[in-house]
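The values are calculated or read from the model by the stated rules, or taken from the named source; none is laboratory data. Given the structure is predicted, the values throughout are model-derived calculations rather than measurements. As a convention, Cβ positions derive from the backbone with ideal geometry for all residues, glycine included, and neighbour counts pool all protein chains shown.
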Amino acid sequence: MKKILLFFLILPSILGAQEQFSDSLKVDLSSPNATINTHLKFLQEDNYQPQKAAKTIFGLEDKKAIRKAVKIKQVLDGKGLFVDVNSIPTNTNYIDSVGVKAYARYLIFPNRLPEIYLEKKNGNWYYSTETIAKIDAIYNSVFPWYVNWIQEIVPQYGHYQFLGIEVWQFVALLFMVLISFILYLIVKKIAFSLLRSVQHYITKSNANLELNQFLKKLAHPIGLLFSIQFISKVFPSLQFSLFINRWIFLGLDIIETVFWIYVFLKLVKVVMQVYADFTEKTHSKLDDQLVPILNNLLTGIVLVFGFFKLLTIFGVDATTLLAGATIGGLAFALASQDTVRNLIGTIMIFVDKPFHIDDWIEAGEVVGTVEKVGFRSTRVRAADTSIYQIPNSKLSEIVINNKGLRLYRRYNTNLGLRYDTPPELIEAFVNGVRQIIIEHPETRSDSYNVEFTGFGDSALLIMVNVYFKSLAWSEEQTSKHRLHIAIIKLASVLGVDFAFPSTTVSIEQFPDKTNRSPKYNTDKTHVNASIQQALSEFKNDVPPQNTPES
């Protein structure tokens, strides 16, 4: 009697537990979370009920629906895609707002496997019509034809397990690594040959050893990327567990992203080296200054995009990340308006090219030689060797007098001769200066003026107007020095004196004192000989000009 009473007391709890267990295993398609949970839950080894999992497939008979549901699970496991059920929305009326148009659908892995997703039909959530139509093709790409062939030829002892992995999987893994290494060596050589061909086509030269080193370093990761792609394609065929596939593919994604970052960084180096070789052949030195700026800019872009890609691999939502980056960038831009203006000014300087490196400019109160154009400012060295740092935003707005863009450097001065200089010597001096200008290698012999232009307070004024060929300020000063020395020597041999501000008191008769005025030799033969002597000395003093190498 006691046993019967005990049975009736325990029976309700047993029935309640069974009812609770059956409720936990019922099919639920009310939300994306419920549908995916139903699909995966009924395909586990300890709860394998494919008929219930097939309920997530809409519009197919049981056998076909079961095959489709099993293939979807196998594709997810083969690609190492672990479904975090807790992150799937439980909202029955969930709307996918990503894209041009909103849909009642949910993409499980929008980046890695966008073809497999859910959609709402008749109030329930099922795998989409596109997923059902494409799953066979996706399955065949993940598990090619040779998978079943391998399973057939593997002997019985090949299925023995060691550390949870079958023997044939170990052997296949070794073959895969060996083939990937051979593929790496082949692709590396092919990539280097192709890069050399492209480089030769662009630069018309193979003599740049530094560029060849860059190309070799670039060919290595390209070969490794092909090997990684081969492993990613073949590894699902080895049919490891979801746990192993998940971590292997995560590692492969990280390695592939790091290699791509390395490839693009080396590609930036190669492009910048080619561009640097090109700028060396151009007249403008501003292009040379653009090389490090572009190098830093492109390197920064590669690193930023690579960092974003790594974050998405670790599960960070790209949309949220971009939104946060946009808001943060806007806040940063508002907080650093001066820096942004200077950056825009830098871009305008390189676009308009109002000056070049080593140009002598006048920019407001600053006068000097341009030494460097940076991201934020331009460095100008004044004649006293002091340095001016001008913000590029200001430099792009003010008026710039670029004396470095002159076709020639004009030099104009006045020479003052004593008032008692005879007209014959004035004419001889003027002609001698003209001959010096013609013989000067740094002056234009077809454009100059040397004339007796007027009467000053203390001197007879001889105007000298010449044009120097070199645009460099330092070379202009050297050319002036040679010209001045030659003129002084000419005056010396002619016996002509230069005047200086003075007051002359003339005493017509002074007892026992001789006249202190200089004695001038106006003999024509002497004058011509003196001019030829000065010209000969000038030619001997002028150093030979460097001729460009052939």
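Determine whether TYR419 is hydroxyl-bearing (Ser, Thr, Tyr) and assigned by TED's automatic domain parsing to the domain that holds HIS526.
yes
Criterion first (under 16 Å from GLU119 (Cα atoms), of a type in the set (A, V, I, L, M, F, W, C) and in contact with a Lys or Arg (Cβ under 6 Å, 6 or more places away or on another chain)) does ILE95 satisfy it?
On the way: under 16 Å from GLU119 (Cα atoms): yes; of a type in the set (A, V, I, L, M, F, W, C): yes; in contact with a Lys or Arg (Cβ under 6 Å, 6 or more places away or on another chain): no.
Against the criterion (under 16 Å from GLU119 (Cα atoms), of a type in the set (A, V, I, L, M, F, W, C) and in contact with a Lys or Arg (Cβ under 6 Å, 6 or more places away or on another chain)), ILE95 does not qualify.
Hey, among LEU238, LEU252, which residue is in contact with a Ser or Thr (Cβ under 6 Å, 6 or more places away or on another chain) and not polar (S, T, N, Q)?
Exactly one of LEU238, LEU252 is in contact with a Ser or Thr (Cβ under 6 Å, 6 or more places away or on another chain) and not polar (S, T, N, Q), namely LEU252.
Please state which of the following conditions LEU490 fails to meet, knowing it meets all the rest: (1) over 27 Å from THR369 (Cα atoms); (2) in contact with a strand residue (DSSP E or B) (Cβ under 9 Å, 6 or more places away or on another chain).
All conditions are met except number (2).
Among the residues of the range 378-401, count how many are polar (S, T, N, Q), touching a residue at least 40 places away in the same chain (Cβ under 8 Å), farther than 30 Å from THR443 by Cβ and not in a helix (DSSP H, G or I).
Number of matching residues: 1.
Go through the range 446-457 and report how many residues are assigned to a strand (DSSP E or B) and within 50 Å of the chain's Cα centre (by Cα). If you could, list the steps in order and put the result at the bottom.
Our first condition is that a residue be assigned to a strand (DSSP E or B); within the range 446-457, this holds for 449-455.
Checking which are within 50 Å of the chain's Cα centre (by Cα) leaves us with none.
Selection size over the range 446-457: 0.
Inspect the range 427-445 for any residue being free of Cβ contacts under 8 Å to residues at least 12 places away in the same chain, within 18 Å of GLU476 (Cα to Cα), in the same structural domain as VAL527 (by TED's automatic domain parsing) and outside any strand (DSSP E or B) and give the result as yes or no.
yes
So, LEU29, is that one surrounded by 14 or more Cβ atoms within 10 Å (Cβ to Cβ), outside the structural domain of PRO236 (by TED's automatic domain parsing), in a loop (DSSP other than H, G, I, E, B) and touching a helix residue (DSSP H, G or I) at 6+ places or on another chain (Cβ under 6 Å) or not? Give the steps one after another, and end with the answer.
Working: surrounded by 14 or more Cβ atoms within 10 Å (Cβ to Cβ): yes; outside the structural domain of PRO236 (by TED's automatic domain parsing): yes; in a loop (DSSP other than H, G, I, E, B): yes; touching a helix residue (DSSP H, G or I) at 6+ places or on another chain (Cβ under 6 Å): yes.
Taking the combined requirement at face value, the residue satisfies it.
Could you list, in sequence order, the residues of the range 53-87 that are buried (at least 19 other Cβ atoms within 10 Å of the Cβ) and more than 24 Å from LEU238 (Cα to Cα)?
ALA53, ALA54, LYS55, THR56, ILE57, ALA65
Within the range 370-400, take every residue that is polar (S, T, N, Q) and surrounded by 14 or more Cβ atoms within 10 Å (Cβ to Cβ) and give me the one that is farthest from ASP359 (Cα to Cα).
Here the residue is SER393.
Tell me which of these GLU115 doesn't satisfy, since it passes every other one: (1) in a strand (DSSP E or B); (2) surrounded by 17 or more Cβ atoms within 10 Å (Cβ to Cβ); (3) free of Cβ contacts under 8 Å to residues at least 60 places away in the same chain.
Of everything listed in (1) in a strand (DSSP E or B); (2) surrounded by 17 or more Cβ atoms within 10 Å (Cβ to Cβ); (3) free of Cβ contacts under 8 Å to residues at least 60 places away in the same chain, GLU115 misses just condition (2).
Do you know which residues across the range 277-295 are at pLDDT below 75 and among the hydrophobic types (A, V, I, L, M, F, W, C)?
Within the range 277-295, PHE278, LEU286, LEU290, VAL291, ILE293 meet the criteria.
Applying the selection to the range 402-425, what residues are in a strand (DSSP E or B) and surrounded by 15 or more Cβ atoms within 10 Å (Cβ to Cβ)?
Keep residues of the range 402-425 that are in a strand (DSSP E or B), which gives 402, 409-417.
ASN402, ARG409, TYR411, LEU415, GLY416, LEU417, listed by residue number.
Considering only helices (runs of 4 or more DSSP H) fully contained in the range 133-241, which possess at least 3 residues that are modelled with pLDDT of 70 or more, within 30 Å of the chain's Cα centre (by Cα) and of a type outside the set (A, V, I, L, M, F, W, C)? Walk me through it before giving the result.
Details: elements: 146-153, 167-203, 209-234.
Hits in the range 133-241: 167-203, 209-234.
Let's see how each residue does on (1) free of Cβ contacts under 8 Å to residues at least 40 places away in the same chain; (2) closer than 20 Å to ALA34 by Cα; (3) out of contact with any His (no Cβ under 6 Å at 6 or more places or on another chain):
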site	(1), (2), (3)
ILE72	no, yes, yes
LEU76	no, yes, yes
VAL83	no, yes, yes
ALA102	yes, no, yes
PHE109	yes, yes, yes
LYS121	no, yes, yes
THR131	no, yes, yes
LYS134	yes, no, yes
ALA137	yes, no, yes
